[in-house]
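Notes follow the structure.
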Amino acid sequence: MSILEVKNIYKRFGRTEVLKDVNFSLEKGQVVSIIGSSGSGKTTLLRCLNFLEHPDKGMIRVNGETLFDADNPASQQESEIRKKRLHFGLVFQSFNLFPQYTALQNVMLAKELLAKELPDYKARKKEIQEEIKTAAISLLKQMGLSERMNNYPHQLSGGQCQRVAIARALALQPDILCFDEPTSALDPELTGEVLKVIKELADRNTTMIIVTHEMSFARDVSDHVIFMDDGCILEQGTPSQIFETPKEERTRQFLGHYQNDILL
Amino acid sequence: MELIMEQLPVVINSLNIGFIQTLKLFFVTLIGAIPLGLVIAFGSMSRFRPLSCFTRIIVWIIRGTPLMIQLLIIYYFPGLVLKNPIWGSGEEGRFLAAAASFIFNYACYFSEIYRGGIQSVPVGQEEAGLVLGMTKSQIFFKVTLLQMIKRIIPPMSNEIITLVKDTSLARIIALQEIIWAGQAFMKGSQGISGAIWPLFFTAVYYLIFNGILTVLLGRLEKKLDYFR
């Protein structure tokens, strides 16, 4: 069974149709890259998965559980949505770290707040907090940030900030981790360190959806590539199918802009 | 000059008593207006149109008319027009009316500062909180609030310093604050009359108190310098 099934998603903002009949599915441990030009609906699709936007039509299922069904208003209750979001993690293009917290606190905050809802929180408070802290420290180490845990975001480079943001998303152990152009706000020099971390996650079979303009990276890391154009999935397949033998003229035209990048 | 030295102890004593009333009005206004401003800010940002329109009209009226007129209306209207003197008589009644006017007036100004502060926190902060499974109130208290406070301290400091001086407007309803106390020596009080210097001297009180406030607010601003 697929870990994620997205069926017939439609979304419009005013008169603009941003997503038109988007369908795809994802297996556990797979990495899917979504490529396409700006305004093709990639980011909106990710935002729909994370319930930051409500699709107008369609269905989203995770592990066979229907998280969203446009025909069923009960699936759209605000209180339910909060829990459903936790199936997904989202790493933003602009990091969106909380500036008043250190790297470590950024990673721990959400988990601590969620822990307060546990029935045995009061009795095991100390223990739970220790667990959360230990887990956060090990995540930051995994991101290569053991020296930077007590720094505030403004004291970190863009690449370091993005790695903190990845650790923060991982701390909640989402089923599927989404990346919205994770390196687009970074200097070319700093992109490498973030891509390396994502590659490592892929090697550990983390299920991921990556919206990216880094074509060679997408080709290298993905099991499946989706090409979006004008709100539709125009073409999808394995990296070699999409990058070497694209069927659609539009895909070829789009990839043409990246020729140098792919050859590297 | 000799005469002034002679009068000084009596005058200082009187001005001190007046200044205590000034301080009382100042602190009561702050304590009332800081939270009320937040309520008004949320009202004016409400997605429920009638509420936000209503709140914005109130804010427009309060900010668009002189505080002195508001003081006069709030103090005299219930008694003279409605024949229902809700404020009671004497100094206590005058203080209640002054406090009500000041709190409401300043809450409206604060609400606009808060609104600016809340709206200046990037949406990405709220979205990051949502995606991490936080509730709206957790996001407000744990994420947005401190960033908002940091941004509003400079404009709030400005308003607070203006408030110190605005308390003198309560003189218009004969509240016995420091200006009233200083003026009393012009008409004659405690054996001193025709003296204008006590009124001028009140400025020193405002100046020193505002000096202290400026230092304290500056420290608060510094304290939040640890993040950007």
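Touching a Phe, Trp or Tyr at 6+ places or on another chain (Cβ under 6 Å), of a type outside the set (Ser, Thr, Tyr), open to solvent by less than 20 Å² (accessible area, probe 1.4 Å) and farther than 16 Å from A:Asp175 by Cβ: does that describe A:Gly36? Here the answer is yes, as A:Gly36 does meet what is asked.
Quick grid of which residues meet (1) facing chain B (nearest Cβ under 7 Å); (2) touching a strand residue (DSSP E or B) at 6+ places or on another chain (Cβ under 7 Å); (3) part of a helix (DSSP H, G or I):
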site	(1), (2), (3)
A:Ser75	no, yes, yes
A:Ile81	no, no, yes
A:Leu90	yes, yes, no
A:Pro99	yes, no, no
A:Leu104	no, no, yes
A:Leu109	yes, no, yes
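A search for C-beta distances below 6 Å between a residue of segment B:200-226 that is in contact (Cβ under 8 Å) with a residue 60 or more places away in the chain and any residue that is aromatic (Phe, Trp, Tyr) and surrounded by 13 or more Cβ atoms within 10 Å (Cβ to Cβ), counting only pairs 6+ apart in sequence or on different chains, returns B:Tyr205/B:Phe19. The set of residues in segment B:172-228 that are acidic (Asp, Glu) and more than 14 Å from chain A (Cβ to nearest Cβ) comprises B:Glu177, B:Glu221.
Listed by position, the helices (runs of 4 or more DSSP H) inside segment B:35-124 whose residues that are open to solvent by 20 Å² or more (accessible area, probe 1.4 Å) and among the polar types (S, T, N, Q) number at least 2 are B:90-120. Of the helices (runs of 4 or more DSSP H) lying entirely inside segment A:118-203, those containing at least 2 residues that are without any contact (Cβ under 8 Å) to a residue 12 or more places away in the chain span A:125-142, A:188-203. Among the candidates B:Leu207, B:Leu213, the residue that is of a type in the set (A, V, I, L, M), assigned to a helix (DSSP H, G or I), in contact with a helix residue (DSSP H, G or I) (Cβ under 8 Å, 6 or more places away or on another chain) and modelled with pLDDT of 95 or more is uniquely B:Leu213. Of all residues in segment A:11-52, those that are part of a strand (DSSP E or B) and either under 17 Å from the mean Cα position of the chain (by Cα) or not acidic (Asp, Glu) (or both) total 17. Residues that are open to solvent by 40 Å² or more (accessible area, probe 1.4 Å) and more than 9 Å from every other protein chain (Cβ to nearest Cβ) were ranked within segment B:130-144; the one that is farthest from B:Gly117 (Cα to Cα) is B:Ser137. Residue count for segment B:168-202, restricted to those that are over 29 Å from B:Glu6 (Cα atoms) and surrounded by 19 or more Cβ atoms within 10 Å (Cβ to Cβ): 3.
The values are calculated or read from the model by the stated rules, or taken from the named source; none is laboratory data. The structure presented is a predicted model; accordingly, all values stated were derived computationally and were not measured. Note that each Cβ is placed from the backbone with ideal geometry, even for glycine, and that neighbours are counted across all protein chains shown. These accessible areas exclude ligands, DNA and RNA; they are computed on the full protein's heavy atoms, side chains included. Shrake-Rupley method; radii C 1.70, N 1.55, O 1.52, S 1.80 Å.
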